[in-house]
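Readers should treat all values here as calculations from the given coordinates under stated rules, not as data from a laboratory. Predicted, not measured: the structure shown is a model, and the values here were computed from it. Because the Cβ atoms are built from the backbone with ideal geometry, glycine has one as well, and the counts that use them run over all protein chains shown.
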Amino acid sequence: MKTSENGLQFIKDNEGCVLHVYNDPAGYPTIGVGHLITDSDPDYSDGISMDQALAILATDVGRFEDAVNGYGLDLTQNQFDALVDFAFNAGEGALSQLLAHGVDQVPNQLPRWTHAGGQVLQALVTRREAEVELWNT
């Protein structure tokens, strides 16, 4: 499966877009639409354009689509989009832990994933609620 246009907008709405390097709430260097900067990334010290941000987003989303698809689950489009958003935000390890409880438990497990930097973040509470709503529609 691929992320729908609605799913991409969901990610963009939740992440926002910042065209210069900043630290996310957990303290990780980030740019664009929630792209965590790694040692293999180019130097972003001069910032990026919106077109570059969207190109990076497409690459990042593809990675998380592959992760979700790797589980071979029978999902609706909205369920797939919700899992891609969750994996995009929390990572593949968190996706694995989430799905370890069974796909039928996803709506019950999502609200547990609201911490960053050792504290509950209201933005993550809101995001998980939105993912549950998306999952259930």
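Scanning segment 1-23 for residues that are closer than 21 Å to Gln105 by Cβ, of a type outside the set (Val, Ile, Thr), in contact with a helix residue (DSSP H, G or I) (Cβ under 8 Å, 6 or more places away or on another chain) and part of a loop (DSSP other than H, G, I, E, B) turns up at least one hit. In this structure, does Asp104 turn out to be within 23 Å of Arg128 (Cβ to Cβ), among the charged types (D, E, K, R), part of a helix (DSSP H, G or I) and touching a strand residue (DSSP E or B) at 6+ places or on another chain (Cβ under 8 Å)? No: the conditions fail for Asp104. Residue check: Asp43 meets all listed conditions (1) free of Cβ contacts under 8 Å to residues at least 60 places away in the same chain; (2) within 15 Å of Gln9 (Cα to Cα) but one, namely (2). Counting only residues that are without any contact (Cβ under 8 Å) to a residue 24 or more places away in the chain and loosely packed, with under 13 Cβ neighbours inside 10 Å, segment 14-40 holds 6 of them. The lone criterion from (1) of a type outside the set (Asp, Glu); (2) surrounded by fewer than 17 Cβ atoms within 10 Å (Cβ to Cβ); (3) touching a residue at least 40 places away in the same chain (Cβ under 8 Å); (4) touching an Asp or Glu at 6+ places or on another chain (Cβ under 8 Å) left unmet by Leu121 is number (4). Thr59 fulfils the conditions (1) out of contact with any helix residue (DSSP H, G or I) (no Cβ under 9 Å at 6 or more places or on another chain); (2) β-branched (Val, Ile, Thr); (3) more than 19 Å from Gln9 (Cβ to Cβ) except for a single criterion, (3). Note on segment 39-92: among residues that are aromatic (Phe, Trp, Tyr) and in a loop (DSSP other than H, G, I, E, B), the one that is farthest from Val21 (Cα to Cα) is Tyr71.
For segment 75-118, the candidate set comprises residues that are among the charged types (D, E, K, R) and loosely packed, with under 13 Cβ neighbours inside 10 Å; within that set, the residue that is farthest from Asp13 (Cα to Cα) is Asp104.
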